[in-house]
Structures are given as C-alpha cells and as structure tokens.
Amino acid sequence: MESSDDAAIYKIDEQRALIQTLDFFTPVIDDPYLFGQIAAANSLSDVYAMGGVPLTAMNIVCFPNCLPSKILSEIIRGGADKIYEAGAVLVGGHSVEDQEPKYGLSVTGIVHPSQVKANSHAKAGDVLILTKPLGLGIINTAIKADFASDETIEEAIFIMSYLNKDARDTMQEVGVNGCTDITGFGLLGHAYEMASASNVSIEIDSSQLPIIKEAIMLGEMGMVPAGTYANRRYLKDKVLWLNQIPDITKDLLFDPQTSGGLLISIEEQKAQLLVSKLKEKLKVPYAIIGRVLSKGKKEIIVK
C-alpha cells in the first residue's frame, strides 16, 4: 500500500506467490467487443507489471437495462478472448444494473517470490525502458469528439488491446530490477510512484519518447483529457524541467493511458540485451526513455 504498487502479492510458500488485482472502467470506444478486449488487457496488465503470469479472471460488469443484451454479450466475448490469449481461465464474475456500462476483471496470477518486479526496486544507475507509445488519452478524447482518423483509431485500439505478456516474458528472461505499468496517472505519475517507492530520482529524456504520431496534432488541437490536468496538478511540485519543453510534450507526459505499456528499470549493462529481445517480440513501439539517479531535490527530472 505504501508504495502504490500495481497489485497485491500473497506469498504461499518459498516457490509460489499469488498476485491479486482488480480494474474496470467505462467504454473508451463504441465497439463492444473491442472494448471488452481493451478492458481485459488493461486488467491483466497489473499481473504482468508485477512479473507474474495470469491464472484466473472474474468479470466485473455494470450494465443498464435499457441497452440490448447483445452488447453485453459482445463485451464479455471480447474479454473472454483476451483472457484466453493470456493463457488464463475465466471462472465467473458478478454483474449489477447501472446507468452506464462498465467492464473489467479481477485477476489472480502467480509468480516466484524472488521474481516479483515491484515499483520499489529501481536502483540508481538503471536505464528506463517504456514498452508502448504515449498518446492514448489524447486519442481516446479525439475519438469521442470524432476527430481521430480511422488509421489512428485502428492503431490505438491495437495498442490498447495488446497484452503486456511479451514485455513481461522478455524482462523476466533478461532480469530487471523494477517495473510498473503506465495507466491513468500518465508516464510521469507512475514514474513518480516508482521514484518515491525506490527512494531515487528519475530522469526522462523527452526527445526519446515513443509517441503515437497523430496524438501530437490532436493534442495541439485541444483534444486533451481532463485527467491530464489532474495529473499536472498532482505533480506540480514534483517535477524539475531542465529545458524548454513544448506544451504538447508536457501534455503527453501527463496523458492518462488506457492499457499502456510497462516502465522497466534495468541495470545499464543489461539494457541493450533487453532492447534486442524486445525488438524480436514486441509488435508496438518501445524505447529507452531515461535513467534512474540517486535521490535529488525532485523525484522527476525532464530534459
């Protein structure tokens, strides 16, 4: 609780620890099947961020009685397909009537106790790698306003529904120090949690960020979600800006992500090996975006 980590860990014995997490949200797109996939991928992500493998999942459903049941069936089908892709088993769930649809999962995973990748294990000298591009919050806002192109919508849907499984498998193969996934608090919000929990400072190189191309234009047009401003306010005294960072770059750094990538902290001598293996496996953009420093006056530094 103290480190705001991604999931709970319960040690069973010297070989096994359970991972428990829960997440659900309102639709980010109109297609119910794809929404189900995105929500499920987002829920499963916390298990991957802790270094674990999903075992079972339970549906969490809120649904209004004024909508056709076919929509709910498609949401559930999308989630079930993503659970199956993750190698987990859907074992039930719970539903309530609500005015607005909401969907997600409660997920149980497993990990060897020595292989837990907490956000509190980043070490000074580490390199930081982000395994999905930024801009999903801006694009989701543009989708609701009917401003995003079909190509960008398709790209965003693929990124949001893409499991962090490949990134998890690769980081466990190479061996890393710390990890967290990037969701509603944005890159800087989750980086701040990692820095605070690990008692270090984190430096982000804004020129190296992987970004969904059209997110820059859409952000400059004003398609910035309310969560971005909330994240800015929360971190206003936590960030040191070393250079003249463009406003759109700041927006992207604070942009709340839906089913974003993993932020991995790894020893510098292992970083290129991890990057080479990610190149073989990942189907989304990724990049080395910064480094971990000894604790300074500010937890986050952006250059």
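The values are calculated or read from the model by the stated rules, or taken from the named source; none is laboratory data. Everything quoted here is computed from the prediction, not taken from an experiment. Here the Cβ positions follow ideal geometry from the backbone for every residue, glycine too, while neighbour counts run over all protein chains shown.
One table, with the values for the structure above:
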{"quantity": "Residue match in segment 137-151 (condition: farther than 24 Å from Lys283 by Cα, out of contact with any Asp or Glu (no Cβ under 6 Å at 6 or more places or on another chain), at pLDDT below 95 and acidic (Asp, Glu))", "calculated": "yes"}
{"quantity": "Condition broken by Leu105, with the remaining ones in (1) of a type in the set (A, V, I, L, M, F, W, C); (2) in contact (Cβ under 8 Å) with a residue 12 or more places away in the chain; (3) in the same structural domain as Leu240 (by TED's automatic domain parsing) satisfied", "calculated": "(3)"}
{"quantity": "Glu214 being outside the structural domain of Val111 (by TED's automatic domain parsing), closer than 23 Å to Ile143 by Cβ and either of a type in the set (Val, Ile, Thr) or surrounded by fewer than 24 Cβ atoms within 10 Å (Cβ to Cβ) (or both)", "calculated": "yes"}
{"quantity": "Some residue of segment 240-257 being touching a residue at least 40 places away in the same chain (Cβ under 8 Å), touching an Asp or Glu at 6+ places or on another chain (Cβ under 7 Å) and either on the phi < 0 side of the Ramachandran plot or not in a loop (DSSP other than H, G, I, E, B) (or both)", "calculated": "no"}
